[in-house]
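A short worksheet on the structure shown next.
The values are calculated or read from the model by the stated rules, or taken from the named source; none is laboratory data. Note that the coordinates shown come from a computational prediction; the quantities given were computed from them, not determined experimentally. With ideal geometry, Cβ positions are generated from the backbone for all residues, glycine too; neighbour counts draw on all protein chains shown.
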Amino acid sequence: MRSPEKAIFRKELGDLFSARSTLSLFVLSSFLIGYGFIQAVDLFTEASRAAIDHKELASGMNPFEGILVPTLGSLYLITTLLFPFVAIHSISNERQTSTLKILLQLPVPFSRILLIKWVGVFFCWFLSTVPALLAIGLWLAWGGHVNVGEYFTLMLGHALYAFAILGISFLIAAITQSSASAALLVLAVTLGSWVLDFSVSSHSGSWVKSLSFLSLTASIRPFERGLVLSESVIRLLVVGLVTGLSGFLWLSQPGASAKSRLRKVAAVAMTCLFIGIASSFVPLHADLSEDRRNSFAAEHETLLRNIQGKLKIRIALSPDDPRFKDIQRNVLSKLERAVPDVSVSVVTTGKSSMFGVGADDAYGLNEFEYQGKIETSRSTSPKELLPVIYRLAGMNAPEVSSTAYSGYPLIANASPFGWLFYLALPLCFLFLWWWHHRIPNFHGGNSK
Amino acid sequence: MSMESSVFQAKEISKRYGNSFALTNISFTLTAGQVTGLIGPNGSGKTTLLEIGAGLLPADSGIVQVSGRNVPPTERRNHLFYLPDHLIPYPDCAAMKVRNFFCDVFSIDFQTRERITELTGIGPVLGKRVGQLSKGFKKRLGLAISLWSPQPILLLDEPFDGFDLRQTLSIMEVLKDTAKAGRTLLLSIHQLMDAERVCDRLVLLNQGRLVAQGNLDDLRNQAKTPGSGLEEVFLALT
């Protein structure tokens, strides 16, 4: 890196570290992640007391969903509600003070200056995950188990989400005149995405579901199950790239007419969307969960991949029915990834009554069709449904030799370490803020 | 004024905001090593013209040439440095940090940095936050940044705004010396007395239209007011 770029990067980091929005991001991330971790350890410990003596219970003691997901869950809140302010500060402040006009004239390409800003803001997000690293370090020090693949899957999900939020914040900061209006607009987008996700999960059968693809929140869900889906990765990447690059283009060519800038923004958006849509035709996935909760046993997967014809499944359950969620999670989503050609449709035969008893006899009787042969079942368990599919396909169910997940119960007490998250780390962050915010010792005009 | 010595030419610049014209077919030239004043009342289009010249605002039509070559907006920062009127660079930072930052980016040596610090008189306030500086010192800091910039042509928007008479006179001397050293200056000024004191040439704008350009004698001749000051000339021409 040449000297001017180095100076700009130093200045950008100093400016970010001395901003109150960054201080809030760091301190609140420490509080929230620490609180989430301590609560998670308490609950995990309660459950582990019974599980330590009973193997069957121990298999349910999964540190990924018991510790990692709730600890890093606070990161989602922080990225949604606080991180945009850091990104907006980086652009809007300089716009309001006319400093942006000076930066546009520096002997460094403005696209490079914006890239430096982008890196600086993303570095701040990364620093806000330090409390999570501390929590995981404590967990490991107590003898807890962390699967590296699961940890990186979860971090990848949060990092991609932050990437998308950063792009959106950059674009909105670029097109608005003040930081207040930029903050309002970004929050409308991020909270809107969250509300949409909430509406979809509570009204899963309604028209709202057709808008679910707009929700960024939904894209993190697979990562929280240890599943990397190309569809989720591409969606977050495309959102981050389209918005971020559009913001870059809008800011870096102030002398070009709005029409010409809009044309370039549209070209970038169309290219990214085309790449996104094209790659969605090749769905890829990797189940990195240690207990392989997102996949059938390897023997089943191998056999299911050999089903060449179209497998049609008709589900006669209301999407609000808990059994629908069971079959969706334990069977359908896994089949969709394993069987080459499968179609699932939901047929509305009737609705479950208030007490869960079907008002229609056909309600809950799910239908499986393969090459003209049809079988029905009321089960939602893969243990009963996979043999149905094998029978239809004329296959013999395989011998499953995979060892069962044994679980990692652990009794620990996190409460005495609360001071690390509630006092020590916030003080470190406060020191970092003060160091960059202070007026340096000044001895006349020659001080460097 | 001969075309050979002109280092900057704006030709037929027009700009419209909605239905109202901010600038209508403005053409003027800047001569190397001279101080040119862009004169006009508030709202006459001075800032718009400077920002278009610097490539920071799109024009609806017109071209800008530097040394006879067309320069698109994206390349103008290689030749021109524009200092906006209400610049407050990094208000939470100490002025010294801001000074050092710009000197690092412009690769300014120690002697030049200190010379311009002294010329602009910002030395005593380097230990203060930029946001806490008086309007005059903010202006001086901005001026220092423009003097550290490497571009040969400086476009300064209202460089004397916020100064008292003594300060204005001392900054005028700095700008005259800068022009003598070979840089070309275009100053947007709404105080006609100030313009008369510092400018070698004048470009008069009124309601987005070019009224006249030339040195004071040329303008007097156009206004048919021999021996009068710029104020009388301006009133006669507009």
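Determine if segment A:141-150 includes at least one residue that is within 14 Å of the chain's Cα centre (by Cα), closer than 14 Å to A:Phe64 by Cα and modelled with pLDDT under 95. First the steps, then the outcome.
Restricting attention to segment A:141-150, the residues satisfying the condition of being within 14 Å of the chain's Cα centre (by Cα) are A:150.
The next check asks that each one be closer than 14 Å to A:Phe64 by Cα; those that pass are A:150.
Adding the requirement that they be modelled with pLDDT under 95 leaves A:150.
Yes, some residue in segment A:141-150 is within 14 Å of the chain's Cα centre (by Cα), closer than 14 Å to A:Phe64 by Cα and modelled with pLDDT under 95.
Is one or more of the residues making up segment A:156-173 over 26 Å from A:Ile88 (Cβ atoms) and assigned to a helix (DSSP H, G or I)?
Restricting attention to segment A:156-173, the residues satisfying the condition of being over 26 Å from A:Ile88 (Cβ atoms) are none.
No, there is no match, as no residue in segment A:156-173 is over 26 Å from A:Ile88 (Cβ atoms) and assigned to a helix (DSSP H, G or I).
Residues checked against (1) in contact with a helix residue (DSSP H, G or I) (Cβ under 6 Å, 6 or more places away or on another chain); (2) in a loop (DSSP other than H, G, I, E, B); (3) modelled with pLDDT under 90; (4) basic (Lys, Arg):
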| position | (1), (2), (3), (4) |
| --- | --- |
| B:Phe8 | no, no, no, no |
| B:Ala22 | yes, no, no, no |
| B:Thr36 | no, no, no, no |
| B:Gly43 | no, yes, yes, no |
| B:Gly62 | no, no, no, no |
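As an exercise: evaluate A:Leu420 against (1) within 30 Å of A:Gly144 (Cα to Cα); (2) touching a helix residue (DSSP H, G or I) at 6+ places or on another chain (Cβ under 9 Å); (3) at pLDDT below 90 and give the number of the one condition it does not meet.
(3)
Hey, among A:Ala258, A:Ala269, which residue is out of contact with any strand residue (DSSP E or B) (no Cβ under 9 Å at 6 or more places or on another chain) and loosely packed, with under 15 Cβ neighbours inside 10 Å?
Details: A:Ala269 fails: loosely packed, with under 15 Cβ neighbours inside 10 Å.
Only one candidate passes the filter, namely A:Ala258.
Among residues belonging to segment A:82-101 that are hydroxyl-bearing (Ser, Thr, Tyr) and away from every other protein chain (no Cβ under 11 Å), point out the one that is surrounded by the fewest Cβ atoms within 10 Å (Cβ to Cβ). Walk me through it before giving the result.
Going through segment A:82-101, the residues hydroxyl-bearing (Ser, Thr, Tyr) turn out to be A:90, A:92, A:97-99.
Now restrict to residues that are away from every other protein chain (no Cβ under 11 Å): A:90, A:92.
On the way: A:Ser90: 26, A:Ser92: 24.
Per the stated criteria, the residue is A:Ser92.
Within segment B:172-201, work out how many residues are part of a helix (DSSP H, G or I) and either under 23 Å from B:Val233 (Cβ atoms) or more than 13 Å from the chain's Cα centre (by Cα) (or both). Spell out how you get there, then give the answer.
Taking segment B:172-201 first, the residues part of a helix (DSSP H, G or I) are B:172-180, B:192-198.
Then drop every residue that is not either under 23 Å from B:Val233 (Cβ atoms) or more than 13 Å from the chain's Cα centre (by Cα) (or both), which leaves B:172-177, B:179-180, B:192-198.
Going through segment B:172-201 one residue at a time, the tally reaches 15.
Answer yes or no as to whether A:Ser252 is within 14 Å of chain B (Cβ to nearest Cβ) and in contact (Cβ under 8 Å) with a residue 12 or more places away in the chain. Even if it seems obvious, please write down each step before you answer.
On the way: within 14 Å of chain B (Cβ to nearest Cβ): yes; in contact (Cβ under 8 Å) with a residue 12 or more places away in the chain: yes.
Criteria met by A:Ser252.
Yes/no per residue for (1) touching a Phe, Trp or Tyr at 6+ places or on another chain (Cβ under 9 Å); (2) exposed (fewer than 14 other Cβ atoms within 10 Å of the Cβ); (3) within 14 Å of another protein chain (Cβ to nearest Cβ):
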residue	(1), (2), (3)
A:Thr380	yes, no, no
A:Ser401	no, yes, no
A:Ser415	no, yes, no
A:Trp419	no, yes, no
A:Leu423	no, yes, no
A:Trp435	yes, yes, yes
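Listed residues A:Leu251, A:Leu227; which is surrounded by 20 or more Cβ atoms within 10 Å (Cβ to Cβ) and either farther than 30 Å from B:Gly55 by Cα or touching a strand residue (DSSP E or B) at 6+ places or on another chain (Cβ under 6 Å) (or both)? Break it down into steps so the answer makes sense when it comes.
Working: A:Leu251 fails: either farther than 30 Å from B:Gly55 by Cα or touching a strand residue (DSSP E or B) at 6+ places or on another chain (Cβ under 6 Å) (or both).
None of the other options fit; the residue is A:Leu227.
Which of the residues belonging to segment A:110-130 are among the aliphatic types (A, V, I, L, M) and more than 15 Å from A:Gly244 (Cβ to Cβ)?
Start the filter on segment A:110-130 by keeping residues that are among the aliphatic types (A, V, I, L, M), which leaves A:113-116, A:119, A:121, A:127, A:130.
Within segment A:110-130, A:Leu127, A:Val130 qualify.
Could you please find all residues in segment B:72-85 being at pLDDT 90 or above and surrounded by fewer than 19 Cβ atoms within 10 Å (Cβ to Cβ)?
B:Pro72, B:Glu75, B:Asn78, B:Asp85 - these are the residues of segment B:72-85 that are at pLDDT 90 or above and surrounded by fewer than 19 Cβ atoms within 10 Å (Cβ to Cβ).
Of these, B:Ile153, B:Ile116, B:Ile189, which one is surrounded by 20 or more Cβ atoms within 10 Å (Cβ to Cβ), hydrophobic (A, V, I, L, M, F, W, C) and farther than 30 Å from B:Thr24 by Cα? Walk me through how you get there before you give the answer.
Numbers: B:Ile153 fails: farther than 30 Å from B:Thr24 by Cα; B:Ile189 fails: farther than 30 Å from B:Thr24 by Cα.
The conditions single out B:Ile116.
List the pairs whose first member sits in segment A:28-43 and is farther than 11 Å from A:Thr129 by Cα and among the aromatic types (Phe, Trp, Tyr), whose second member is modelled with pLDDT of 95 or more and surrounded by fewer than 20 Cβ atoms within 10 Å (Cβ to Cβ), and whose Cβ atoms are under 7 Å apart, counting only residues at least 6 apart or on separate chains?
Filtered contacts from segment A:28-43: A:Phe31/A:Tyr422.
Going residue by residue through segment A:57-69, is there one that turns out to be in contact with a Cys (Cβ under 9 Å, 6 or more places away or on another chain) and without any contact (Cβ under 8 Å) to a residue 40 or more places away in the chain? Explain how you work it out, then say what you get.
Within segment A:57-69, the first condition is being in contact with a Cys (Cβ under 9 Å, 6 or more places away or on another chain), and the residues that meet it are none.
No, there is no match, as no residue in segment A:57-69 is in contact with a Cys (Cβ under 9 Å, 6 or more places away or on another chain) and without any contact (Cβ under 8 Å) to a residue 40 or more places away in the chain.
Select from segment B:162-171 the residues that are of a type outside the set (A, V, I, L, M), more than 15 Å from the chain's Cα centre (by Cα) and not in a loop (DSSP other than H, G, I, E, B) and list them in ascending order.
The answer is B:Arg166, B:Gln167, B:Ser170.
Only one of these conditions is not met by B:Ile52: (1) among the β-branched types (Val, Ile, Thr); (2) facing chain A (nearest Cβ under 7 Å); (3) under 17 Å from the mean Cα position of the chain (by Cα). Which number is it?
Exception for B:Ile52: condition (2).
If a residue must be free of Cβ contacts under 8 Å to residues at least 60 places away in the same chain, aliphatic (A, V, I, L, M) and farther than 17 Å from A:Phe296 by Cα, how many such residues does segment A:373-397 contain?
Number of matching residues: 1.
Being surrounded by fewer than 21 Cβ atoms within 10 Å (Cβ to Cβ), more than 25 Å from B:Val66 (Cα to Cα) and touching a strand residue (DSSP E or B) at 6+ places or on another chain (Cβ under 7 Å), is that true of even one residue in segment B:129-143?
yes
Residue under question is A:Gly66, and the condition is that it be surrounded by 17 or more Cβ atoms within 10 Å (Cβ to Cβ) and within 27 Å of A:Leu187 (Cβ to Cβ); does it hold?
On the way: surrounded by 17 or more Cβ atoms within 10 Å (Cβ to Cβ): yes; within 27 Å of A:Leu187 (Cβ to Cβ): no.
The answer is no for A:Gly66.
Can you say whether B:Val66 is touching a His at 6+ places or on another chain (Cβ under 7 Å) and free of Cβ contacts under 8 Å to residues at least 40 places away in the same chain, as far as the supplied structure shows?
Working: touching a His at 6+ places or on another chain (Cβ under 7 Å): yes; free of Cβ contacts under 8 Å to residues at least 40 places away in the same chain: no.
No, not satisfied.
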